[in-house]
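This report refers to the structure that appears directly beneath it.
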There are 2 protein chains.
Amino acid sequence: MANLPRKNKKSRPSSKVSAKSEPTTAWVRVPLESEVPQEVQVLFGKFREKTGFVPNVARNFALMPEHFMRWFRYYDFLMRSEPGQLSRKEREMIAVVVSAANQCEYCLASHSAYLREVSDPVLPEVLAANYRRAHLSPRERALCDFALEMTLDSARMTPSNLQMLRSLGLSDEAILEAAQVAAMFNFTNRLANALGWVPNEIYYSQGREPL
Amino acid sequence: MANLPRKNKKSRPSSKVSAKSEPTTAWVRVPLESEVPQEVQVLFGKFREKTGFVPNVARNFALMPEHFMRWFRYYDFLMRSEPGQLSRKEREMIAVVVSAANQCEYCLASHSAYLREVSDPVLPEVLAANYRRAHLSPRERALCDFALEMTLDSARMTPSNLQMLRSLGLSDEAILEAAQVAAMFNFTNRLANALGWVPNEIYYSQGREPL
């Protein structure tokens with residue numbers, strides 16, 4: 001990222017927490033936790049119970065709570081349901097490869113952390129730099145190729161883009177799941193980039209110890 | 001579109017309907033209507049009641065019915081809820097501008113039809129060709145600019161990209177809704193392009209008469 005244009009430092013919201021207000025983690029208003037509907041507060045409680053904190057994506061998106069909950073019910077099922085057609089590691093690899101291609105600070109930080117938790121402390125950074133240099137199985141490599149093609153130039157795709165996945169034994173359902181994950185991060189990356197979402201700092205330290 | 005590369009004609013699924021099977025509308029398997037769960041069949045029934053046909057996106061996506069329903073509950077609320085922060089016309093305009101930029105045959109056909117129904121028979125084609133030539137209000141123009149920026153280069157966006165929307169009176173909630181719509185079509189365009197989704201032919205004739 002060093003040689004790529006950075007967001008203007010001055011425009012970056014402060015991450016300082018004051019006693020009276022939530023930290024500012026977006027270029028649009030972030031609702032106070034006390035403002036959001038009960039259903040969203042319950043979800044925030046579940047996040048805290050499970051991980052110790054509320055992801056900023058949830059705080060930010062909760063400005064429109066009904067939209068947020070409907071999106072979350074789909075997103076969470078897509079990424080976390082077990083068994084999926086793809087492993088959790090494969091889904092998080094796609095998240096990282098797509099988020100790197102779209103230069104999404106938020107999703108790269110958060111999904112690198114999730115991927116470290118199901119793989120190793122190094123893999124996400126290699127994937128983000130250039131996934132072709134990572135030690136991947138043929139199936140993982142084909143999934144990354146497919147996700148990148150969808151991200152950069154989906155209009156030129158043909159049935160041949162599916163052939164490699166099929167030849168490695170992926171079912172049509174698995175291909176549809178992979179396509180949804182790649183498409184999902186093209187959605188979240190754009191929301192995060194357009195609205196200046198800042199990731200929770202804690203993501204950068206999660207999963208740094210070898211499994 | 002005439003000078004841009006087309007999908008290989010030979011790889012295009014046939015749209016012929018046989019008595020025994022559903023038409024093939026994707027490069028992955030499309031489930032028979034009799035195969036999909038009750039909940040999805042009920043939704044198909046509602047589509048037929050309202051418009052006379054089942055959109056191919058629903059047939060195709062129903063290969064993974066639980067994923068499809070979760071996505072649809074979000075998508076439908078985002079695009080159709082009334083009152084939205086944006087008008088239905090504004091939401092459909094964003095859909096068309098983003099789908100044109102991503103060269104998505106499916107979404108351009110379907111959302112041009114939806115936009116014709118809430119505007120006029122000509123607007124979608126002008127938007128798809130070059131929205132800067134369409135007769136737009138300053139607010140509509142700013143929404144199209146914002147959606148295109150999100151589509152083409154979201155990583156370079158700064159708070160200044162939100163200023164034009166704010167100066168025209170859009171609230172933070174309206175900006176978040178616009179961003180979700182632009183992001184959503186970056187999701188659906190990629191699914192449709194990567195999986196070879198073919199739009200229902202009827203879209204091309206819908207809403208051709210002046211209101």
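Values for this structure:
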| read-out | value |
| --- | --- |
| Selection count, the range A:32-42, where residues are out of contact with any Asp or Glu (no Cβ under 7 Å at 6 or more places or on another chain) and surrounded by fewer than 18 Cβ atoms within 10 Å (Cβ to Cβ) | 6 |
| Extreme residue, farthest from the other protein chains (Cβ to nearest Cβ), among residues of the range B:136-181 that are without any contact (Cβ under 8 Å) to a residue 24 or more places away in the chain and either on the phi > 0 side of the Ramachandran plot or of a type in the set (Gly, Ala, Ser) (or both) | B:Ser137 |
| Residue, surrounded by the fewest Cβ atoms within 10 Å (Cβ to Cβ), within the range A:182-197, restricted to residues that are under 17 Å from A:Asp153 (Cα atoms) and at the interface with chain B (Cβ under 7 Å from one of its Cβ atoms) | A:Phe187 |
| Candidates A:Asn56, A:Asn60, filtered to the one that is buried (at least 19 other Cβ atoms within 10 Å of the Cβ) and more than 9 Å from every other protein chain (Cβ to nearest Cβ) | A:Asn56 |
| Residue list for the range A:25-53, restricted to those being of a type in the set (Val, Ile, Thr) and in contact (Cβ under 8 Å) with a residue 12 or more places away in the chain | A:Thr25, A:Val28, A:Val30, A:Val36, A:Val40 |
| Selection from the range A:118-152 of residues that are within 24 Å of A:Tyr106 (Cβ to Cβ), of a type in the set (Ser, Thr, Tyr) and surrounded by fewer than 16 Cβ atoms within 10 Å (Cβ to Cβ) | none |
| Top-ranked residue in the range A:12-53 [being modelled with pLDDT under 95 and over 23 Å from the mean Cα position of the chain (by Cα); ranked as farthest from the other protein chains (Cβ to nearest Cβ)] | A:Ala19 |
| Residue list for the range B:82-116, restricted to those being surrounded by fewer than 24 Cβ atoms within 10 Å (Cβ to Cβ) and within 11 Å of chain A (Cβ to nearest Cβ) | B:Gly84, B:Gln85, B:Ala101, B:Asn102, B:Gln103, B:Glu105 |
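Every residue, every condition in (1) of a type in the set (A, V, I, L, M, F, W, C); (2) farther than 22 Å from A:Ala194 by Cβ, yes or no:
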{"position": "B:Val118", "(1), (2)": "yes, yes"}
{"position": "B:Ala129", "(1), (2)": "yes, yes"}
{"position": "B:Ala142", "(1), (2)": "yes, no"}
{"position": "B:Phe146", "(1), (2)": "yes, no"}
{"position": "B:Glu149", "(1), (2)": "no, no"}
{"position": "B:Leu152", "(1), (2)": "yes, no"}
{"position": "B:Arg156", "(1), (2)": "no, no"}
{"position": "B:Arg166", "(1), (2)": "no, no"}
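The values are calculated or read from the model by the stated rules, or taken from the named source; none is laboratory data. Model, not experiment: these values are computed from the prediction. Note: ideal-geometry Cβ built from the backbone for every residue, glycine included; neighbour counts use all protein chains shown.
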